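Student: What follows is a single structure, and I will ask about it in a moment.
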Amino acid sequence: MYHTIFFDLDGTLVDSSEGVYRCFRYALEKMQAPPLPSHLEPLLIGPPLEDSFANFCGFSPEDSLRALDFFRERYRRVGYLEMSVVPGMEEALSALRQVGLRLAVASSKEERGCHMVLDAAGLSQYFELIAGHNVELANTKAAVIRSAMDRMGLTDGDAPGILMVGDRKYDAVGAAQWGIPCLGFDYCGFAPAGELEEAGAIAVVHTAEELTRFILERK
């Protein structure tokens with residue numbers, strides 16, 4: 001049934017919350033803005049960071065981009081190392097590759113940052129393509145997914161055989177724009193209760209083992 005699996009990065013392959021939270025705090029300090037309430041920090045995982053600076057901090061588009069530059073300054077220096085691989089995920093990726101599935105990353109994170117995280121995590125070897133956001137793309141998850149399809153030579157006719165795996169509504173909504181089903185992955189728990197289901201995820205799994213089993217049963 002599936003021939004290609006697209007994975008989100010933050011909250012799906014790795015728990016990057018420590019690095020994201022610290023870099024966001026650093027950016028707010030540099031912008032001389034008040035800190036974000038701690039209960040809102042989990043919502044930083046998933047959406048484009050420019051949107052988070054605008055929505056949570058009230059920044060203008062110009063200030064959001066300035067804050068993003070500060071975020072990336074710390075992230076490229078140390079933040080990308082402040083993460084951990086989701087338990088069992090490397091074994092899951094290995095099992096999926098062994099049965100001939102094409103694996104790729106489709107993340108809203110800056111593409112350079114995706115490579116840095118996956119190299120540090122030792123997971124890059126499992127992916128045919130690591131696609132992230134870049135200046136040539138619209139600032140949406142759908143744009144990253146379309147870019148990944150194009151770079152892998154996949155057409156709209158291939159969409160039913162592609163599965164997006166992600167932990168937030170942005171993954172499900174972005175995939176649906178191209179007719180791609182989404183499997184929700186809720187190990188890290190960053191999504192509010194019921195968000196993935198309401199966004200149209202075909203199912204929600206909670207461990208790497210459940211993820212592997214779901215996909216292999218439908219290969």
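Student: Go through (1) within 23 Å of Asp171 (Cα to Cα); (2) touching a Phe, Trp or Tyr at 6+ places or on another chain (Cβ under 8 Å) for Glu91 and report which single condition fails.
Tutor: Unmet for Glu91, out of (1) within 23 Å of Asp171 (Cα to Cα); (2) touching a Phe, Trp or Tyr at 6+ places or on another chain (Cβ under 8 Å): (2).
Residue by residue, here is whether (1) without any contact (Cβ under 8 Å) to a residue 12 or more places away in the chain; (2) in contact with a Pro (Cβ under 8 Å, 6 or more places away or on another chain); (3) outside any helix (DSSP H, G or I) holds:
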position: Ile5; (1), (2), (3): no, no, yes
position: Arg25; (1), (2), (3): yes, yes, no
position: Leu28; (1), (2), (3): no, yes, no
position: His39; (1), (2), (3): yes, no, no
position: Pro42; (1), (2), (3): no, no, no
position: Gly46; (1), (2), (3): no, no, yes
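Student: I'd like the full set of residues that are open to solvent by less than 40 Å² (accessible area, probe 1.4 Å) and small (Gly, Ala, Ser), limited to the range 1-48.
Tutor: Gly11, Ser16, Ser17, Gly19, Ala27, Ala33, Gly46 - these are the residues of the range 1-48 that are open to solvent by less than 40 Å² (accessible area, probe 1.4 Å) and small (Gly, Ala, Ser).
Student: Determine the pairs where a residue that is open to solvent by 40 Å² or more (accessible area, probe 1.4 Å), located within the range 97-125, has a partner that is of a type in the set (A, V, I, L, M) and in a helix (DSSP H, G or I) with Cβ atoms under 8 Å apart, the partner being 6 or more residues away or on another chain.
Tutor: Val99/Leu216; Ala120/Leu81
Student: For residues that are without any contact (Cβ under 8 Å) to a residue 24 or more places away in the chain and open to solvent by less than 20 Å² (accessible area, probe 1.4 Å), tally how many sit in the range 194-212.
Tutor: 1
Student: List the strands (runs of 3 or more DSSP E) that sit entirely inside the range 76-180 and contain at least 3 residues that are within 15 Å of Phe6 (Cα to Cα) and among the β-branched types (Val, Ile, Thr).
Tutor: Output list is empty.
Student: Among the residues of the range 51-75, which ones are farther than 17 Å from Val135 by Cα and within 17 Å of the chain's Cα centre (by Cα)?
Tutor: Within the range 51-75, Ser52, Tyr75 qualify.
Student: Another question about this same structure. Run down Ile202, Ile162 and say which single residue is in contact with a Phe, Trp or Tyr (Cβ under 9 Å, 6 or more places away or on another chain) and modelled with pLDDT of 95 or more.
Tutor: Answer to the selection: Ile162.
Student: Would you pick out the residues in the range 49-66 that are in a loop (DSSP other than H, G, I, E, B) and open to solvent by 50 Å² or more (accessible area, probe 1.4 Å)?
Tutor: Listed by number, the list holds a single entry, Gly58.
Student: Right, something else. Somewhere in the range 152-164, is a residue under 13 Å from the mean Cα position of the chain (by Cα), buried (at least 17 other Cβ atoms within 10 Å of the Cβ) and either of a type in the set (Gly, Ala, Ser) or within 28 Å of Leu43 (Cβ to Cβ) (or both)?
Tutor: Yes.
The values are calculated or read from the model by the stated rules, or taken from the named source; none is laboratory data. Since the model is a prediction, treat every value here as computed from it, not as a measurement. Neighbour counts run over all protein chains shown; Cβ positions are idealised from the backbone, glycine included. For accessibility, only protein heavy atoms count, side chains too; no ligands or nucleic acids. Shrake-Rupley method; radii C 1.70, N 1.55, O 1.52, S 1.80 Å.
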